[in-house]
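Down below is the structure, laid out as structure tokens.
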Amino acid sequence: MALLPILCYPDPKLHRVAKPVAVVDSRIQTLVADMLETMYDAKGIGLAATQIDVHERVIVIDVSEEHDAPLVLINPELVWSSTETHLNEEGCLSVPGIYDGVERFDAVHVRAVDLQGQPRTIEAEELLAVCVQHEMDHLMGKVFVEYLSPLKRNRIKKKMLKAQREDAL
Ligand code: K1U
Ligand code: ZN
């Protein structure tokens, strides 16, 4: 297994649209193992392949308290969403240190393929529903700060670029 570098906003590669996985083979199984290791190491509850510069429709999530319930979604598609929405506080491993409110569906149903290549539908609510929507946005090249006002987004962009310049010294 390997720890993979996570792209940081405003890297333009975060805006690429991921392609569907054609076949769940050993390459994808290794990718998923590396993504899970990277997510747990970064203390995240989710990670999309886009964030590690792999532009294929793969997501890993673990919202359990014990960090022992990994969920792997390959080629996820939203098949149902609740009419109710709520503003939820979100963070992002690609925008470290920034948290803000994003309006999300309260519940979603997502059809995907699992690590064995089997189709399945997951019914998500609460934090899992928020995280699934956040990760599916990543696969479409969308970062949560794009839901914020242009003023906030520009401030965040400047802060990230400054931090990246300082890190490079
Ligand atoms: O995609 C990512 O960058 C992972 C992101 C997922 C996420 C967190 C909170 C709301 C929506 C989506 C993170 O894991 S950021 C880490 C973090 O801030 C967090 C960790 C545990 C619980 C809540 C937030
Ligand atoms: Zn994110």
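Observations, loosely collected:
- From the list Thr50, Thr38, the lone residue that is touching a strand residue (DSSP E or B) at 6+ places or on another chain (Cβ under 8 Å), of a type in the set (S, T, N, Q) and within 21 Å of Gln164 (Cα to Cα) is Thr38.
- Restricting Ala163, Ala124 to residues that are farther than 23 Å from Gln29 by Cα, small (Gly, Ala, Ser) and either part of a helix (DSSP H, G or I) or in contact (Cβ under 8 Å) with a residue 40 or more places away in the chain (or both) narrows the list to Ala163.
- The residue of the range 80-125 that is surrounded by the fewest Cβ atoms within 10 Å (Cβ to Cβ), among those that are of a type in the set (Phe, Trp, Tyr) and more than 13 Å from ligand 2 (Cβ to nearest atom), is Trp80.
- Condition met for Thr30 (more than 22 Å from Glu77 (Cα to Cα), assigned to a helix (DSSP H, G or I) and over 13 Å from the mean Cα position of the chain (by Cα)): yes
- Condition check for Ile28: crowded, with 16+ Cβ neighbours inside 10 Å and farther than 23 Å from Ile122 by Cα: no
- Residue count, the range 57-79 (criterion: under 14 Å from the mean Cα position of the chain (by Cα) and either small (Gly, Ala, Ser) or crowded, with 18+ Cβ neighbours inside 10 Å (or both)): 12
- Matching residues, the range 143-160, being more than 21 Å from the chain's Cα centre (by Cα) and of a type in the set (A, V, I, L, M, F, W, C): Leu151
- Residues that are within 12 Å of ligand 2 (Cβ to nearest atom) and either farther than 10 Å from Ile6 by Cα or of a type in the set (Gly, Ala, Ser) (or both), drawn from the range 38-48: Ala42, Gly44, Ile45, Gly46, Ala48
- Among the residues of the range 61-120, the ones that are of a type in the set (A, V, I, L, M), away from ligand 1 (no atom under 14 Å from the Cβ) and not in a loop (DSSP other than H, G, I, E, B) come to 8 in all.
Values quoted throughout were computed directly from the atomic coordinates according to the rules given, and no laboratory measurement underlies them. Here the structure is a predicted model, which means the values were calculated and not measured. Cβ atoms come from the backbone with ideal geometry, glycine included; neighbour counts cover every protein chain shown.
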